[in-house]
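Visitor: Here it is, the structure in full.
The values are calculated or read from the model by the stated rules, or taken from the named source; none is laboratory data. Every value quoted in this text rests on a predicted model; they were computed, and no experiment measured them. In this analysis, Cβ positions are derived from the backbone assuming ideal geometry, glycine residues included, and neighbour counts consider all displayed protein chains. The area values use the complete protein model at the heavy-atom level, side chains included, leaving out ligands, DNA and RNA. Shrake-Rupley method; radii C 1.70, N 1.55, O 1.52, S 1.80 Å.
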Amino acid sequence: MNGWRRSGRGARSRLVGTLEAQEAAVLRGLIGEVREMLAARSEETPADELAVLTGLRTGPSTRPDDRVLARLLPDFSGDDADLSGAMRSLHEPELIEAKDAAATVVLDTLPEAGGRVELTAEQADAWLTALNDVRLALGTALDVSEDMPEDLPPDDPRSAHLGVYHWLTFVQDALVQTRMQL
């Protein structure tokens, strides 16, 4: 990916970029993994009698045990555990649904073998959401921090994946910069 550019004017404006086949495959794979994690979390919720009676969907009230998933689905309140649990139960299903919808847009607009990607403003917003989720998940798994060096020693098991994290950062930043021009 060389970056994103704007194409067209006004309501017909699009963001255009090109991904190599390997880049498309990596992005599809990472988005697929995030979707699987979120889907598994959705299935953790036992049937709730009140939800069955009212038709209200509820989710788990406890924070995910997996630290990557906990980063994707943070607490709603850091001060009050009961409030956070109640908010999580009420809002986590729709948060997961929104994240899945954004991932679906990326998968639907990303050519399987790579190539030209052309996005509307709304599709670009979905890409930004999905890219952010993938970066959060990968960054958490790699223990990325602000004081982490750009390159890790070759014997560090994270070094092979850090380049992917940096590439995702580039793609997201370039998309943000171009999106602001629409």
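Visitor: Quick one: count up the residues across region 48-75 that are at pLDDT 95 or above, of a type in the set (A, V, I, L, M, F, W, C) and in a helix (DSSP H, G or I).
Guide: 4
Visitor: Let me ask another. Does region 157-179 contain any residue that is among the hydrophobic types (A, V, I, L, M, F, W, C), over 25 Å from I96 (Cβ atoms), surrounded by fewer than 16 Cβ atoms within 10 Å (Cβ to Cβ) and modelled with pLDDT under 95? Can you show your working first?
Guide: To start, the set of residues in region 157-179 that are among the hydrophobic types (A, V, I, L, M, F, W, C) comprises 160, 162, 164, 167-168, 170-171, 174-176.
With the extra rule that they be over 25 Å from I96 (Cβ atoms), the set shrinks to 160, 162, 167, 170, 174.
Narrowing further to those that are surrounded by fewer than 16 Cβ atoms within 10 Å (Cβ to Cβ): 160, 167, 170.
Among the residues that remain, those that are also modelled with pLDDT under 95 are: 160.
Yes, the conditions are met somewhere in region 157-179.
Visitor: Please state which of the following conditions R28 fails to meet, knowing it meets all the rest: (1) more than 16 Å from W167 (Cβ to Cβ); (2) open to solvent by 50 Å² or more (accessible area, probe 1.4 Å).
Guide: Of (1) more than 16 Å from W167 (Cβ to Cβ); (2) open to solvent by 50 Å² or more (accessible area, probe 1.4 Å), only one is false for R28: (1).
Visitor: Do we find that L19 is modelled with pLDDT of 95 or more and either more than 15 Å from A130 (Cα to Cα) or open to solvent by 50 Å² or more (accessible area, probe 1.4 Å) (or both) in this structure? Spell out how you get there, then give the answer.
Guide: Values: modelled with pLDDT of 95 or more: yes; either more than 15 Å from A130 (Cα to Cα) or open to solvent by 50 Å² or more (accessible area, probe 1.4 Å) (or both): yes.
Here the answer is yes, as L19 does meet what is asked.
Visitor: In region 92-99, is there at least one residue being at pLDDT below 95 and in contact with an Asp or Glu (Cβ under 8 Å, 6 or more places away or on another chain)?
Guide: Initially, region 92-99 is screened for residues at pLDDT below 95, giving 92-94.
With in contact with an Asp or Glu (Cβ under 8 Å, 6 or more places away or on another chain) added as a condition, the list becomes none.
Scanning region 92-99 turns up no residue that is at pLDDT below 95 and in contact with an Asp or Glu (Cβ under 8 Å, 6 or more places away or on another chain).
Visitor: Taking the condition open to solvent by 60 Å² or more (accessible area, probe 1.4 Å), part of a helix (DSSP H, G or I), touching a residue at least 12 places away in the same chain (Cβ under 8 Å) and not aromatic (F, W, Y), does D125 pass? Break it down stepwise before answering.
Guide: Numbers: open to solvent by 60 Å² or more (accessible area, probe 1.4 Å): yes; part of a helix (DSSP H, G or I): yes; touching a residue at least 12 places away in the same chain (Cβ under 8 Å): yes; not aromatic (F, W, Y): yes.
Yes; evaluated as a whole, the condition is true for this residue.
Visitor: Here's something else I'd like to know. Please verify whether S89 is free of Cβ contacts under 8 Å to residues at least 24 places away in the same chain and farther than 30 Å from R6 by Cβ, treating the condition exactly as stated.
Guide: Numbers: free of Cβ contacts under 8 Å to residues at least 24 places away in the same chain: no; farther than 30 Å from R6 by Cβ: yes.
The answer is no for S89.
Visitor: Within region 78-91, which residues are in a loop (DSSP other than H, G, I, E, B) and either in contact with a Lys or Arg (Cβ under 9 Å, 6 or more places away or on another chain) or open to solvent by less than 20 Å² (accessible area, probe 1.4 Å) (or both)? Walk me through it before giving the result.
Guide: Taking region 78-91 as the starting set, the residues that turn out to be in a loop (DSSP other than H, G, I, E, B) are 78-80.
Result: no residue meets the conditions.
Visitor: Also: Given the condition under 24 Å from G3 (Cα atoms) and among the hydroxyl-bearing types (S, T, Y), answer yes or no: does some residue in region 129-147 qualify?
Guide: yes
Visitor: Moving to a separate point now. Return the only residue of R63, R71 being farther than 25 Å from V176 by Cβ, open to solvent by 20 Å² or more (accessible area, probe 1.4 Å) and touching a Leu at 6+ places or on another chain (Cβ under 9 Å).
Guide: Values: R71 fails: farther than 25 Å from V176 by Cβ.
Within the list R63, R71, the selection yields R63.
Visitor: For region 128-156, what are the residues that are assigned to a helix (DSSP H, G or I) and either hydrophobic (A, V, I, L, M, F, W, C) or open to solvent by 30 Å² or more (accessible area, probe 1.4 Å) (or both)? Quick ask: steps written out before the conclusion?
Guide: First, pick out the residues of region 128-156 that are assigned to a helix (DSSP H, G or I): 128-141.
Scanning region 128-156 gives L128, T129, A130, L131, N132, V134, R135, L136, A137, L138, A141.
Visitor: Going through region 92-122 one residue at a time, which ones are surrounded by fewer than 16 Cβ atoms within 10 Å (Cβ to Cβ) and of a type in the set (V, I, T)?
Guide: Once the filter is applied, which keeps residues that are surrounded by fewer than 16 Cβ atoms within 10 Å (Cβ to Cβ) and of a type in the set (V, I, T), region 92-122 yields T104, T109.
For (1) more than 27 Å from D108 (Cβ to Cβ); (2) of a type outside the set (D, E), each residue gets a yes or a no:
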| site | (1), (2) |
| --- | --- |
| R5 | no, yes |
| R14 | no, yes |
| D65 | yes, no |
| G78 | yes, yes |
| R88 | yes, yes |
